[in-house]
Amino acid sequence: MKEKILEKLKLYNQQHIIDHYMGLTGDEQNRLLNLLDYFDLDLIFRIYGDFLKAVTKKEGLKISPANIVPLPKTPQEEAIREKARDLGEKLIKNNKIAVLIVAGGQGTRLGYDGPKGTFKISPVKGKTLFQLFTEQVMAISKRYSARIPLIIMTSHENDEDTRTFFKDNRFFGLGEDNIYFFRQGMLPTLTPDGKLIIKDRGQIATNPDGHGGSLKALNDSGLLDMLLADGYTELFYCQVDNPLVKIADPVFLGYHYMSESEASTKVVRRRNVEEKVGVYLNFNGQDGIIEYSDLDPSYMKALDEKGEILYWAGNTAIHIFSLPFVKRLNSHGYALPYHCAKKTMDIKTPEGNDNTIDVWKFETFVFDAIPLAKKTCAIEVKREEEFSPVKNMTGVDSPEKARDDMCALFRRWVEGAGAKVKDHIKIEVSPLFAIDYQEFKNKFNGKGVTIEDDIYFGD
């Protein structure tokens, strides 16, 4: 292994790594060799070479609005939606649905030290994001007498903490045998001139390979083959930072099934032309998502004849992927393209000095799978009911905004059930009490009831 790796480093002009290696102790050399052996160095330098001649914008594309299933407005559309619900419920009952939560991130931007999934978010009880998702899986499994595997993608940074968190909380009652963990892949970080970066003795700088790497790591972990062998056919995908996600939504599953889709997406109407969100559209005859930073501003700001946003469909990062499709993406090397993020990094040199350098980080985006699917589907959902990501400490997409959105959603449920609610009341409905408005209304008769204090509808 040693000679092979050193020869490869020489081939790719990494003499500084060889020189550094020669000055290490035996244990440090072994640690560095094992790390380098973990990576596909041919891949990383091929990606680097591709980006030396790549453009940063999606140029030369023929772009048009995508065909999206809108919110139902007519009796006929409502009937189709109910048919979709029935089909989705059958998929769940027949044990065809697995759930993947992408949770590799830390809560750093929230001022929180720990995996983002362990961040407390619910408005009354302060339940964590992980607890809310796990309780949804429990509630859906119970409703449909189904087994729904819950799969958590962690990172090298938070894997141990995440596993410990679930174990310490007794897996929130779902059962250890129904929750699976796998780690996101990593790639070496390079300098703009294509050099590996010495992070400290026996280490080089690395970065996660992006949320698109979840589909590769799912395959590499063996979990994908396990799901297929057990008869599961569809993977519900979401990211851990959105507490309003409807896990394994039967309506969404039904539309996915009716359209024979391999990759389906939920979208919301963009707040305004300045919102920094990926856009679901059609480019070069294929539906897909282009990140806002890669899309020409003229498209981001385009209006239709009514003065409304032309390309209105904002990405929620909520998807369904056919499991055979995910397997196909991995069949001849990983199919998703790599993107390059140009950033700065603070490092400590081998001599112990602090230094800030420019770096290139390579990653994949899960939505790049959409144009590779034979058939796709996108449905519009209400932002206020399904999309309130927790990304920033304050302001838009903050914990405060998410809690307000959760309270507003549950207030609509309570008032819809006939109760009156005083202003500024916090309301929380446990997924184990009700996972949707209809179930809540069936359980709670609010006629003649006035709610004057914060209230929790419990388990």
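Distance from the Cα centre of region 303-379 to that of region 382-413, in angstrom?
Here the answer is 24 Å between Cα centres.
Whose amide H sits under 5 Å from the amide H of residue 318, counting only residues 5 or more places off or on another chain, with H placed in the peptide plane?
When sequence neighbours closer than 5 places are left aside, the close amide H contacts are 266.
I'd like the orientation of helix 75-93 relative to the chain: the angle between its Cα long axis and the longest Cα principal axis, in ° from 0 to 90, rounded to 10.
Helix 75-93 sits roughly 60 degrees off the main axis of the chain.
What ranking, highest mean first, results for peptides 208-219, 183-194 when packing means the other Cβ atoms within 10 Å averaged over each residue? Don't skip to the answer; put the middle values down first.
Values: 208-219: 23.0, 183-194: 18.9.
The peptides rank, most packed first, as 208-219, 183-194.
Give the shape of region 352-444 as rounded, prolate or oblate, defined through the alpha-carbon gyration tensor: a ≥ b ≥ c are the square roots of its eigenvalues, a/c under 1.5 means rounded, and otherwise the shape is prolate if a/b is larger than b/c and oblate if not.
Numbers: a/c = 3.55, a/b = 1.62, b/c = 2.19.
Oblate.
Round to the nearest 10 and give me the degree value, 0 to 90, for the angle of helix 26-38's Cα axis relative to the longest principal axis of the chain.
50 degrees
First check a/c for region 398-459, with a ≥ b ≥ c the square roots of the eigenvalues of its C-alpha gyration tensor; if it is under 1.5, answer rounded, and if not, answer prolate when a/b is larger than b/c or oblate otherwise. Please report the intermediate quantities before stating the final value.
Working: a/c = 1.89, a/b = 1.21, b/c = 1.57.
It is oblate, given that a/c is not under 1.5 and a/b is not larger than b/c.
Mind listing which GluC sites (Glu not before Pro) in region 1-79 are in a DSSP loop and have 10 or fewer other Cβ atoms within 10 Å? List each step's numbers first, then the result.
Details: sites: 3, 7, 28, 59, 77, 78; in loops: 59.
Answer by residue number: 59.
Run through region 357-459 and list the GluC sites (Glu not before Pro) located in a DSSP loop whose Cβ has at most 13 other Cβ atoms within 10 Å.
Values: sites: 363, 380, 384, 385, 386, 400, 415, 428, 439, 452; in loops: 452.
Those that pass, being in a loop and sparsely packed, are 452.
Of all DSSP beta bridges in the chain, what percent run antiparallel (nearest 5)?
Details: 38 of 65 bridges.
Once the DSSP bridges in the chain are tallied, antiparallel ones form about 60 percent.
Return a whole-number percent for the relative contact order of region 197-348, with Cα pairs under 8 Å and 6 or more residues apart as the contact set.
After rounding, I find 30 percent.
Which trypsin sites (Lys or Arg not before Pro) does region 222-303 hold that lie in a coil by DSSP with at most 16 other beta carbons within 10 Å?
On the way: sites: 246, 266, 269, 270, 271, 276, 301; in loops: 246, 270, 271, 276, 301.
Hits after loop and neighbour filter: 271, 276, 301.
Given an 8 Å cut-off on Cα distances and at least 6 residues of separation, report the relative contact order of region 398-459 as a percent.
On the way: 78 pairs, mean separation 25.5, N = 62.
Relative contact order comes out at 41 percent.
So how tilted is helix 41-52 from the main axis of the chain? Cα-based, degrees 0 to 90, rounded to 10.
Computed tilt is about 80 degrees.
Fewest first, what order do 264, 122 take by the number of other Cβ atoms within 10 Å?
122, 264
With unit charges on the beta carbon (Lys/Arg positive, Asp/Glu negative), name the residue among 445, 52, 178 whose Cα is farthest towards the positive pole of the charge dipole of the chain.
With unit charges placed on the Cβ atoms, the residue in question is 445.
Mind putting a number on the dipole of the chain about its Cα centre? Charges go on the C-beta only, +1 for Lys and Arg and -1 for Asp and Glu, and I need it in Debye to the nearest 20. Kindly include the intermediate steps, with their values, before the conclusion.
Working: 62 positive and 67 negative charges, 171 e Å.
So the magnitude is around 820 debye.
For the chain, what does the relative contact order come out to in percent, with C-alpha contacts under 8 Å and a separation of six or more?
Details: 844 pairs, mean separation 88.7, N = 459.
Computed over the chain, the figure is 19 percent.
So for the chain, taking the charge dipole from beta-carbon charges (+1 Lys/Arg, -1 Asp/Glu), which of 64, 371, 331 sits furthest toward the positive end?
64
Coordinate-derived values only; no laboratory data. Because the structure is predicted, anything quoted here is derived from the model rather than measured. Positions of Cβ are backbone-derived with ideal geometry, glycine not excepted, and every protein chain shown enters the neighbour counts.
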